[in-house]
Amino acid sequence: MRLAGKVSIITGAASGMGQAAAVIFAKEGSMVVAADINEEGLKRTEAQVRDTGGQVVVSRTDVSSSGDVQALVRLAVEAFGGIHVLYNNAGLRHPNDVFATELDEEIWDRVIDTNLKGMFLTCKYAIPVMLQGGGGSIVNTSSIGGLKAADSTAYGASKGGVIALTRNIAKQYAPAIRANSICPGPVDTPMLAVALESIRGARPEIATAAAKAGTMLQRWADPSEIGNLALFLASDDSSFITAANFSIDGGMASQ
Ligand code: NAD
């Protein structure tokens, strides 16, 4: 088992990729601390992990809240004795995240606070615990939206920031801690539906076809395919990889 004895915090674990990763990590022997603002979704994640025989605790955590993140880190230590893996996956895509001149400041703040400040906070409070335990691996979820121009001003800015934040963390805390970012393309989760609706002027069915055609592989990813990359980066299988950014987009960013 590739994460035997390791404690993993996974944010955004109530849905989509985070929920899939919680199950994948648990099957590989990790104790999972599942964090999200969606308590109903967390209950489903908890049940799914328990069904595999895995160990899990859940935490109602808003990653943009310093107090919530500090409580999350304390919970991980109290429940399982430390932190080895931090998978920063929580993210927000706002349906009214539009061209810069039309974008409400409140929406900008909410998206940046969730997608970027949230990762700063989890790193700020989890890294000291990780170092006490000898180090570990951080996996941060960016997006193809952090690499390519698009209409969602705040989302793209936040996801570009995630890649830079990850590089800085990797340099600052090497060699004990490795940090890498991942850039998914279209993944079949509730968030993708929001993204397709917000594509300017496109009817949803046209946007859906375009999103599939936009990948060389002509399809969306299943959340588990992203979970498998996160597992690789979390585990010692990737022991010489740090400060790297991985596209996992069916070729979308290259065409
Ligand atoms: P999702 O909506 O299914 O899951 C995101 C989770 O994050 C939700 O459970 C939500 O409650 C949680 N969340 C939102 N704000 C939060 C906060 N303040 N604190 C804690 N949790 C919060 O979406 P997903 O597609 O599984 O997204 C996972 C990550 O992948 C996100 O960072 C997203 O930006 C990124 N991403 C998604 C796609 C895609 O096509 N689905 C593509 C590229 C990147």
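Every number in this text was worked out from the coordinates using simple rules, so none of it is lab data. Computed from a prediction, not measured in an experiment: that's the story for all the values here. Cβ sites come from the backbone with ideal geometry, for glycine too, and all protein chains shown count toward neighbours.
Going through A90, A100 one at a time, which residue ends up being away from the ligand (no atom under 13 Å from the Cβ) and either under 20 Å from G145 (Cβ atoms) or not polar (S, T, N, Q) (or both)?
Just a single option satisfies the conditions, and that option is A100.
Residue by residue through the range 2-21, note down the ones that are closer than 17 Å to V73 by Cα and either surrounded by fewer than 24 Cβ atoms within 10 Å (Cβ to Cβ) or among the hydrophobic types (A, V, I, L, M, F, W, C) (or both).
Listed by number, the residues that qualify are V7, I9, I10, A13.
Restricting to the range 81-121, count the residues that are of a type in the set (S, T, Y) and touching a residue at least 24 places away in the same chain (Cβ under 8 Å). Even if it seems obvious, please write down each step before you answer.
Start the filter on the range 81-121 by keeping residues that are of a type in the set (S, T, Y), which leaves 87, 101, 114.
Add one more test, that the residue is touching a residue at least 24 places away in the same chain (Cβ under 8 Å), and what stays is 87, 114.
Qualifying residue count, the range 81-121: 2.
Residue-by-condition table, conditions (1) out of contact with any helix residue (DSSP H, G or I) (no Cβ under 8 Å at 6 or more places or on another chain); (2) crowded, with 19+ Cβ neighbours inside 10 Å; (3) more than 29 Å from L3 (Cα to Cα); (4) not acidic (D, E):
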| site | (1), (2), (3), (4) |
| --- | --- |
| R93 | no, yes, yes, yes |
| V98 | no, no, yes, yes |
| E102 | yes, no, yes, no |
| E106 | yes, no, yes, no |
| D109 | yes, no, yes, no |
| I112 | no, no, yes, yes |
| V129 | no, yes, no, yes |
| T141 | no, yes, no, yes |
| A149 | no, no, yes, yes |
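Filter the range 12-30 down to the residues that are more than 19 Å from V69 (Cβ to Cβ) and not in a loop (DSSP other than H, G, I, E, B) and list them by number.
G16, M17, Q19, A20, V23, I24, F25, A26, K27
Run down N96, N89, N38 and say which single residue is on the phi < 0 side of the Ramachandran plot and in contact with a Gly (Cβ under 7 Å, 6 or more places away or on another chain).
Only one candidate passes the filter, namely N89.
Please identify the pairs in which a residue from the range 62-78 that is within 13 Å of the ligand (Cβ to nearest atom) has its Cβ atom under 7 Å from the Cβ atom of a residue that is assigned to a helix (DSSP H, G or I) and among the small types (G, A, S), counting only partners at least 6 apart or on another chain.
These pairs meet every condition: V63/G118; S64/G118.
Report, by residue number, each residue of the range 34-61 that is away from the ligand (no atom under 13 Å from the Cβ) and buried (at least 24 other Cβ atoms within 10 Å of the Cβ).
Hits for the range 34-61 are V49, V56.
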